[in-house]
Amino acid sequence: MATEVRVPTLGESVSEATVATWFKKPGDPVQQDEMLCELETDKVTVEVPAPAAGTLGEIVAEEGQTVGVDALLATVEEGAGAAAPAAPKADKAEAAPADDDTGGGETVDVMVPTLGESVSEATVATWFKKPGDAVQQDEMLCELETDKVSVEVPAPATGTLSEILAAEGETVEASAKIATMTTGAGAAAAKPAEAAEAPAAGDSASADVEDAPSAKKMMEEHGLSEKDVKGTGRDGRIMKEDVQKAIAAGTKAKPAEAPKAEPAQAPRAPVPAEDASREERVKMTRLRQTIARRLKDAQNTAAMLTTYNEVDMTATMELRKEYKDLFEKKHGVKLGFMSFFTKACCHALKEVPEVNAEIDGTDIVYKNFVHMGIAVGTPTGLVVPVVRDADQMSFAAIEKKINELGARARDGKLSMAEMQGGTFTISNGGVYGSLMSSPILNPPQSGILGMHKIQDRPMVVKGEIKARPMMYLALSYDHRIVDGKGAVTFLVRVKEALEDPRRLLMDL
């Protein structure tokens, strides 16, 4: 019986890929989940595993051919050929013949887990085990760091960690193999056997490796050779992304293009020797790199403008003081200021919907819901978890959700889903003592509210000067979609709701 090998789902907005490399040829025995070929899209590289054990039949899509999602790539003939894959294992067993007498050991691959929507790569942060260590199933082997969250990789089985394929600091793609384990009685002997074979395997692989077609084309266009580019694909294969990195680094760009290479990366000014010895150079984390890139992209893309107002917090503070004990007793959570501001913003967004919208090409997408992003400072940087459907939640539900997300953010346990889909953001710089600032948009959102420190200031109240607890509010908005009138109206509605919280109950 023949099993079809088809193009897997390639990711959001990706509809086609190029067949880069076939690791098997027709007639070769294959095991289930063994990698058959590698596809290359304009964003990531995708490995296609065998859907069943057997023999590779006909290859329908050759290397260099463009295929769509779910297109037929090849067939695997099940049945007689299924037993054939045992032969390669016998070769390895010769290095450790004792395995055959004791029941043998099975090699298990440790793969990069699913990283989340729109995340295609991660950096290996820390290995908790080293080759030769015994591990239990589900015991943590290493920690990966993406541009948004940290991901722990558990052991897929009980046995011995044989080989680490991705060292600390190395960038790996989603679903890539980062280590191998050996299970069963032969676990302890597997490490020396595989280590002895590693140099020879690496030498032969480097000699026969075939670079990605798109990488070859790009190298020709930019006058690069294989020596100029470090390959990160399977067996050192050069991928399109590797060539792009080499070009960005100015490895060997064409003379005409040399002055244009990385204009933003100006060379660092000379540092006196006595100062250089006292400096410390630390590589930016992927999270910090992403924060930097997204903030700069926001400035480059949006027509960003900030408008300010101030709010008298007397009424909100008195209401909170009066009911905070009863609130905590009934709901089991403290009544903070964030629920008031979240409610006030949801109220204002209904009147000024363009602040809750986003631009998609030449269209404006209005959101008939509010997924409120709450900026949270963590030891590794700023993250923005999202309170979904905040406009439909009570004060208690908002406070509980914010507390839960804040704790998970500080512990580095936020999932990708918890940081996606926000339609508007609140950033509270007041907790750090900020008196006034201009927050930067969180693309593709069109508005962000900046809260600040509550400080007593002299204010004229009914003809008398009184000390009042005042807070400056700042709304940064995308002027391409939000006019000045809408931005000012939004801030005024937030101010009115906080200065008289009863308006929220009356929907005024």
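The values are calculated or read from the model by the stated rules, or taken from the named source; none is laboratory data. Not measured: the values here are computed from a predicted model. Because the Cβ atoms are built from the backbone with ideal geometry, glycine has one as well, and the counts that use them run over all protein chains shown.
Descriptive notes on the structure:
- Filter pass, Leu295 being crowded, with 19+ Cβ neighbours inside 10 Å, more than 12 Å from Ala497 (Cα to Cα) and within 37 Å of the chain's Cα centre (by Cα): no
- Tally, over segment 393-441, of residues that are touching a residue at least 60 places away in the same chain (Cβ under 8 Å) and among the aliphatic types (A, V, I, L, M): 11
- Taking segment 319-335 as the range and being surrounded by fewer than 12 Cβ atoms within 10 Å (Cβ to Cβ) and in a helix (DSSP H, G or I) as the test, the residues that pass are Lys321, Glu322, Asp325, Leu326, Lys329, Lys330.
- For the residues Pro439, Pro444, the requirement of being assigned by TED's automatic domain parsing to the domain that holds Lys296, farther than 14 Å from Thr306 by Cβ and part of a loop (DSSP other than H, G, I, E, B) singles out Pro444.
- Of all the listed residues (Ile398, Ile359, Ile426), the sole one being among the aliphatic types (A, V, I, L, M), surrounded by 16 or more Cβ atoms within 10 Å (Cβ to Cβ) and under 20 Å from Leu505 (Cα atoms) is Ile398.
- Of the residues making up segment 365-381, those that are modelled with pLDDT of 85 or more and small (Gly, Ala, Ser) are Gly373, Ala375.
- For segment 488-499, the set of residues classified as touching an Asp or Glu at 6+ places or on another chain (Cβ under 9 Å) and crowded, with 23+ Cβ neighbours inside 10 Å consists of Phe490, Leu498, listed by residue number.
- So Pro213, is it at pLDDT below 75, surrounded by fewer than 17 Cβ atoms within 10 Å (Cβ to Cβ) and of a type outside the set (Val, Ile, Thr): no
- Filter result (surrounded by 18 or more Cβ atoms within 10 Å (Cβ to Cβ) and either free of Cβ contacts under 8 Å to residues at least 60 places away in the same chain or not charged (D, E, K, R) (or both)) within segment 340-356: Phe340, Phe341, Thr342, Ala344, Cys345, Cys346, His347, Ala348, Leu349, Val352, Val355, Asn356
- For segment 120-177, the set of residues classified as in a strand (DSSP E or B) and among the hydroxyl-bearing types (Ser, Thr, Tyr) consists of Thr123, Thr126, Ser150, Thr160, Ser162, Thr171, listed by residue number.
- Members of segment 42-65 that are assigned to a loop (DSSP other than H, G, I, E, B) and among the polar types (S, T, N, Q): Gln65
- Pick from segment 429-468, criterion among the aliphatic types (A, V, I, L, M), under 27 Å from the mean Cα position of the chain (by Cα) and farther than 19 Å from Leu498 by Cα, ranking: surrounded by the fewest Cβ atoms within 10 Å (Cβ to Cβ): Ile440
- Close contacts from segment 314-339, counting a first residue that is over 24 Å from Asp456 (Cβ atoms) and a second that is surrounded by 15 or more Cβ atoms within 10 Å (Cβ to Cβ) and of a type outside the set (S, T, N, Q), with Cβ to Cβ under 6 Å and a gap of 6+ residues or different chains, come to Phe327/Leu335; His331/Ala396; Val333/Glu399; Val333/Lys400.
- So Glu58, is it at pLDDT below 85, assigned by TED's automatic domain parsing to the domain that holds Ala20 and under 13 Å from Val5 (Cβ atoms): no
- Each residue in segment 454-491 was checked for being out of contact with any strand residue (DSSP E or B) (no Cβ under 9 Å at 6 or more places or on another chain) and in a strand (DSSP E or B), and 1 pass.
- Condition check for Ala303: small (Gly, Ala, Ser) and touching an Asp or Glu at 6+ places or on another chain (Cβ under 9 Å): yes
- For segment 33-41, the criterion of a residue being at pLDDT below 85, assigned to a loop (DSSP other than H, G, I, E, B) and farther than 17 Å from Asp70 by Cβ is satisfied by at least one position.
- Meets criteria (touching a helix residue (DSSP H, G or I) at 6+ places or on another chain (Cβ under 6 Å), without any contact (Cβ under 8 Å) to a residue 24 or more places away in the chain and either assigned by TED's automatic domain parsing to the domain that holds Tyr432 or surrounded by fewer than 22 Cβ atoms within 10 Å (Cβ to Cβ) (or both)) for Tyr366: yes
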